[in-house]
Amino acid sequence: MNLASFTLYHLPPTLTSYLCGMEQVLRQIETYRKEIENFSISSPQQLEDYRIRFLGTKGIVKNLFGEMRSILPENKKEFGLVLNEFKQFAEARYEALKQSSASDQPSTVNDLDLSLPGNPVEFGSRHPISLVRNRIISIFQRLGFSVADGPEIEDDWHNFTALNLPENHSARDMQDTFYINQNPDWLLRTHTSNVQIREMQKGKLPIRIICPGRVYRNETISARAHCFFHQVEGLYIDENVSFADLKQTLYFFAQEMYGKDVKLRFRPSYFPFTEPSAELDVSCFICGGSGCRVCKQTGWVEILGCGMVHPNVLENCGIDPEKYTGYAFGMGIERPAMLLYQINDLRLFSENDIRFLKQFTSAV
Ligand code: 2NL
């Protein structure tokens with residue numbers, strides 16, 4: 001079947017609209033054929049453009065086959081032959097263009113200039129929060145603690161109930177805690193104690209773990225408050241663990257962290273999950289205790305909270321409080337990091353500003 005047999009070429013374009021459906025489509029095919037013959041490409045994108053325009057699922061060839069509906073029954077066979085021929089023509093041209101673009105690829109051997117400088121690999125640096133966290137971890141590892149971690153999305157029981165927090169405790173307030181809309185029982189953990197709870201539930205004793213991680217509170221973000229921050233909590237459970245063990249462990253930690261000459265002060269406090277509870281102050285590591293801006297002229301800086309694990313918490317996790325006792329403590333990482341590196345705005349930790357981060361390249 002040859003298109004020329006329809007001898008439509010000499011008809012002026014203005015007459016096209018008067019032509020019957022089949023003749024009109026045949027004219028169109030001729031125009032497309034010219035376009036295909038003249039199509040040249042200089043990039044893989046143009047090859048793809050060709051494919052989409054002519055051979056794509058919404059392309060010209062597909063559309064032309066759709067025109068079959070408007071062709072008179074007696075012409076359908078003939079029209080089908082023309083279309084098939086046109087389709088093969090468009091496909092053959094695509095293959096030819098593809099071949100030519102493949103052979104246009106630069107030869108990797110000849111075009112490689114080995115004298116060009118390489119792409120520099122820039123050194124990054126540890127984040128200041130990681131630096132302080134690692135320092136805390138390594139001190140406790142030397143005392144035989146191992147690192148444990150757990151989920152940041154937690155259920156109410158592991159974050160609050162198991163820790164002896166009453167149903168109406170203010171920490172459970174929507175104002176303080178991020179709840180997950182999908183399920184009112186889920187929340188973003190407000191401390192890493194959920195990790196210790198999960199370890200205790202495993203039932204393998206003794207336990208001596210350190211739990212670093214990110215925690216979340218529903219706070220308005222400012223230089224001094226953020227909706228997430230970092231904590232390290234510790235837990236030691238065995239037979240005959242006493243408050244004296246807690247004091248000596250924290251004394252070793254404070255000496256390693258803040259210097260051999262550091263003095264300690266335990267102040268009575270209250271947490272629902274420990275009894276008795278205390279807050280630990282160290283003599284100010286900036287002024288040595290004589291009074292400065294950091295210690296607000298008191299000579300003391302609060303570094304952590306601690307206490308003996310409440311018997312209800314042990315029981316909640318299936319541990320017999322008559323046989324086992326334990327201590328726990330928790331500290332924030334941001335505050336010591338700010339003091340150590342003289343950072344005055346909490347928001348700098350999470351802005352990913354390279355000018356801030358690269359100042360810690362040589363820090364340890
Ligand atoms: C603080 C005080 C504290 C704990 C955390 C704890 C965990 C379990 C059981 C008992 Cl599973 N206690 N953790 C205990 C006392 C204090 O954190 O000021 N953190 C920043």
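The values are calculated or read from the model by the stated rules, or taken from the named source; none is laboratory data. The shown structure was predicted, so the numbers you read here are calculated from the model rather than taken from an experiment. So basically every Cβ, Gly included, is an ideal-geometry build from the backbone, and we count neighbours across all protein chains shown. Quick note on the areas: whole protein, heavy atoms, side chains included, nothing else; ligands and nucleic acids left out. Shrake-Rupley method; radii C 1.70, N 1.55, O 1.52, S 1.80 Å.
Give me the extension gain from Glu152 to Phe360: residue separation times 0.36 nm, minus the current Cα-Cα distance, reported in nm with one decimal. Before the final figure, lay out each step's value.
Values: separation 208, 0.36 × 208 = 74.88 nm, distance 2.70 nm.
Going from the current span to full extension adds 72.2 nm.
Take the Cα of Asn75, step 7 Å toward its Cβ, do the same at Glu322, and the gap between the two points is 10.1 nm.
With a Förster radius of 41 Å applied to the beta-carbon distance between Asp245 and Gln297, the computed FRET efficiency rounds to 0.80. Kindly list the residues of the range 211-254 that lie in the label zone of Asn344, defined by a backbone N under 20 Å from the point 7 Å along the Cα-to-C-beta vector. Under cut-off, by backbone N: 221-226. A Stokes-Einstein calculation at 4 °C with viscosity 1.567 mPa s, built on the Kirkwood radius of the range 114-174 over Cα pairs, returns a diffusion coefficient of 78 µm²/s. Loop-resident trypsin sites (Lys or Arg not before Pro) (DSSP state other than H, G, I, E or B) in the range 182-253 with no more than 16 further Cβ atoms inside 10 Å of their Cβ: Lys202, Lys204, Arg224. Inter-label distance, Thr57 to Asp261: 7.6 nm, where each label sits 7 Å from its Cα along the C-beta direction.
Give Lys296/Lys358; Lys260/Lys323; Lys202/Lys263; Lys34/Lys58; Lys76/Lys98 a once-over and call out the pairs whose C-alpha atoms are over 28 Å from each other. Can you show the working numbers first?
Values: Lys296/Lys358 31 Å; Lys260/Lys323 36 Å; Lys202/Lys263 37 Å; Lys34/Lys58 20 Å; Lys76/Lys98 33 Å.
Cα-Cα > 28 Å for Lys296/Lys358; Lys260/Lys323; Lys202/Lys263; Lys76/Lys98; rest within.
Computed with a 1.4 Å probe over protein heavy atoms only, the accessible surface of the chain comes to 59 Å² per residue.
For Ser138 and Asp111, what does the FRET efficiency come to when R0 = 51 Å and r is the distance between their Cβ atoms, rounded to the nearest 0.05?
On the way: r = 51 Å, r/R0 = 1.00.
About 0.50, to the nearest 0.05.
Among the GluC sites (Glu not before Pro) found in the range 114-170, those both in a DSSP coil and sparsely packed, with 16 or fewer other Cβ atoms within 10 Å of their Cβ, are Glu122, Glu152, Glu167.
Summarise the accessible area of the chain (1.4 Å probe, protein heavy atoms) by the percent that is carbon and sulfur. Walk me through the intermediate numbers first.
On the way: 10960 of 21530 Å².
Ligands and nucleic acids excluded, carbon and sulfur give 51 percent.
Our note on the geometry: Cα centres of the range 203-225 and the range 45-67, 58 Å apart. Extension gain for Ile221-Lys202 works out to 3.2 nm (0.36 nm per residue, less the C-alpha to C-alpha distance).
Farthest toward the dipole's positive end in the range 231-322, which of Tyr251, Phe266, Val294, given Cβ charges of +1 (Lys, Arg) and -1 (Asp, Glu) about the Cα centre? With unit charges placed on the Cβ atoms, the residue in question is Val294. 3J(HN,Hα) couplings calculated from phi for the range 288-297 with the Karplus curve 6.51 cos²θ - 1.76 cosθ + 1.60 (θ = phi - 60°) are, in sequence order, x, x, 7, x, 7, 5, 5, 8, 6, 6 Hz; Gly and Pro show x. Per-residue ellipticity at 222 nm from helix content only, as computed over the chain with -39500 (n - 2.57) for each DSSP H run of at least four residues, stands at -10000 deg cm²/dmol.
Per residue, the average separation of C-alpha pairs within less than 8 Å and at least 6 apart gives the chain a relative contact order of 14 percent. Computed as a quarter of the hull surface, the mean projected area of the alpha carbon convex hull for the range 30-185 stands at 24.3 nm². Straight-line cross-link partners of Lys204 among the aspartates and glutamates, defined as a Cα under 14 Å from its Cα and at least 8 positions apart when in the same chain: Asp238, Glu239, Asp320.
Semi-axes of the equivalent ellipsoid for the chain, computed as √(5λ) from the eigenvalues of its C-alpha gyration tensor and ordered from largest down, come to 76, 28, 19 Å.
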